[in-house]
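I have placed the structure first, in the form of structure tokens, so that the comments after it can refer back to it.
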Amino acid sequence: MKGVQGQGQGKHWDPVCGKQLDTPEYQPSSEYKKRRYFFCSERCRHAFERQAERFRLNELARVGALMTPGRVRWGIA
């Protein structure tokens, strides 16, 4: 799971490139469907804003695959 606030021990990840962000408050950010996403650069923020729904669905798929024991959902292998 990437790019969301409050992920395990307060870590934040860029949802586009996967880079860990140490101080997300000073990084570019964007809000999508009442959720704040942080990015390592304006380039990643712009890529996210062009395809925000795709990134959100990928995040949901990862969570679903992790939360469903013995099953893989939404086409994640």
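Put a dot 7 Å past the Cα of K11, heading toward its Cβ, do the same for R35, and the two dots end up 1.8 nm apart.
Sequentially through segment 14-30, phi angles give Karplus couplings (6.51, -1.76, 1.60; θ = phi - 60°) of 6, x, 8, 9, x, 6, 6, 10, 6, 10, x, 4, 9, 9, x, 9, 8 Hz, Gly and Pro residues having no value and appearing as x. Sorted fewest first by neighbouring Cβ atoms within 10 angstrom, E49, E25 come out as E25, E49.
No lab work stands behind these numbers, since they all come straight from the coordinates. All figures in this text were calculated on a predicted structure; none of them were measured in a lab. Here the Cβ is made from the backbone with ideal geometry for all residues, glycine too, and neighbour counts use every protein chain on show.
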